[in-house]
Amino acid sequence: MKTSSLERTEKALRGQRGQLVLEYVLILLIVVTIAALVTRMMVRRGPELEDQGFVVKAWTFLLFEIGSDPADEAR
């Protein structure tokens with residue numbers, strides 16, 4: 001029994017949909033992995049200043065600068 005042109009087209013479309021879903025999932029996995037790595041680099045905490053992420057370093061510097069209150073020393 002021969003398959004009609006319509007049936008072949010439907011099978012081809014199903015295969016394309018499956019490939020589209022697979023590509024979407026792979027791209028999503030890559031993006032989530034990159035986001036996790038960047039986030040880890042930003043807010044990593046460690047015992048030494050060199051082991052900390054750049055957001056934590058900046059926050060620590062800001063806290064120490066505010067805490068030292070250099071405005072009182074200028075008078």
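The values are calculated or read from the model by the stated rules, or taken from the named source; none is laboratory data. The structure displayed is predicted, hence computed values, not measured ones.
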- Kindly provide the set of residues from region 28-64 that are of a type in the set (D, E, K, R) and in a helix (DSSP H, G or I), ordered by number. ARG40, GLU50, ASP51, LYS57
- Note on the structure: All-but-one check, GLY46 against (1) under 31 Å from the mean Cα position of the chain (by Cα); (2) modelled with pLDDT of 85 or more, failing number (2)
